Amino acid sequence: MIKLAPSILASNMMHLEDEIKVFEKMKIPYIHIDIMDGLFVPNFSFGTAAIKNMRKMTDMVLDVHLMVYDPIKNIKLFCQCGADIVSFHFEATNKPDKAIDYIKKYGKKACITINPSTMERAVFPYLDRVDQVLVMGVVPGFGGQGLLPHTLDKVRNLRKYIDANGYNVDIEIDGGILPENLEQVIDAGANVIVGGSSIYKDYKLEENIETLYKIIRKYNK
Ligand code: DX5
Ligand code: ZN
């Protein structure tokens, strides 16, 4: 099952509630929420208050991508404000095990994320404990960048390894996904697709989602 996860980093925040209604109407399962600390990535985005408000607005799965240093310090906060999936970066902590344990302790799904410069085998030791691996298709921090082609090899290798070992782990890809490369990304083995600019392009949400869904439907038959 291929799932679409609009990244609200590209949202017009003043109209987020209407945007979420469009996502719900179009039966999109996830909302991808980027959290940035200005240190791990050179940008800022949302905080816990935004997630709390979104939690009140919708039952969609809130997929929270923490681009923050030392995520263990803040995992509790993000679990308690309404996240369903909490992703932390492998590069941001020297205790990935502890981060996973914390997320699980608060009853949330755990996701480990790798930057384009991190080898996929770095997460192999955690695949028996996580629910999802997030492969960054771009250097994190900003929307609207181009997909780095070598990141698809990571997805391919991860998918092979996950399937060969019988793990039940989703592979999410984030950054630079467009209708033009979506088939390639799914064929490589990703099944949770984050879309920022592809969904918000010209602010034609429904049209853009339909374009992506035309491709996704071929796989979800
Ligand atoms: C980048 C963020 C992404 C971003 C994706 O650091 O993690 O979620 O919003 O945007 P696009 O799809 O435009 O690359
Ligand atoms: Zn993201």
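Exactly one of (1) at negative phi; (2) within 17 Å of the chain's Cα centre (by Cα); (3) open to solvent by 10 Å² or more (accessible area, probe 1.4 Å) is unmet by GLY144. Its number?
Every listed condition holds for GLY144 apart from (1).
Under 7 Å between Cβ atoms, at least 6 apart or on separate chains: pull out the pairs that start in segment 179-207 with a residue that is at pLDDT 95 or above and end on any residue that is among the aromatic types (Phe, Trp, Tyr).
Filtered contacts from segment 179-207: ILE186/TYR219; VAL192/TYR30.
Being surrounded by 16 or more Cβ atoms within 10 Å (Cβ to Cβ) and either outside any strand (DSSP E or B) or at pLDDT below 95 (or both) narrows it down to one residue among THR151, THR113; which is it?
The match here is THR151.
Would you check if PHE88 is farther than 25 Å from LEU147 by Cβ, of a type in the set (Phe, Trp, Tyr) and crowded, with 18+ Cβ neighbours inside 10 Å?
For PHE88, the condition - farther than 25 Å from LEU147 by Cβ, of a type in the set (Phe, Trp, Tyr) and crowded, with 18+ Cβ neighbours inside 10 Å - is not met.
Test ILE162 against the stated conditions and say whether it is at pLDDT 95 or above and within 15 Å of ligand 1 (Cβ to nearest atom).
Criteria not met by ILE162.
The rows are residues; the columns are (1) more than 14 Å from the chain's Cα centre (by Cα); (2) surrounded by 16 or more Cβ atoms within 10 Å (Cβ to Cβ); (3) more than 16 Å from ligand 2 (Cβ to nearest atom).
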residue: ASN168; (1), (2), (3): yes, no, yes
residue: GLU172; (1), (2), (3): no, yes, no
residue: PRO179; (1), (2), (3): yes, no, yes
residue: ALA188; (1), (2), (3): yes, yes, yes
residue: TYR203; (1), (2), (3): yes, no, yes
residue: ASN208; (1), (2), (3): yes, yes, yes
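The values are calculated or read from the model by the stated rules, or taken from the named source; none is laboratory data. Worth saying up front: this structure is predicted, and the values here are computed from it rather than measured. With ideal geometry, Cβ positions are generated from the backbone for all residues, glycine too; neighbour counts draw on all protein chains shown. Ligands, DNA and RNA are stripped out before the accessible areas are found, and what is left, the full protein with its side chains, is counted by its heavy atoms. Shrake-Rupley method; radii C 1.70, N 1.55, O 1.52, S 1.80 Å.
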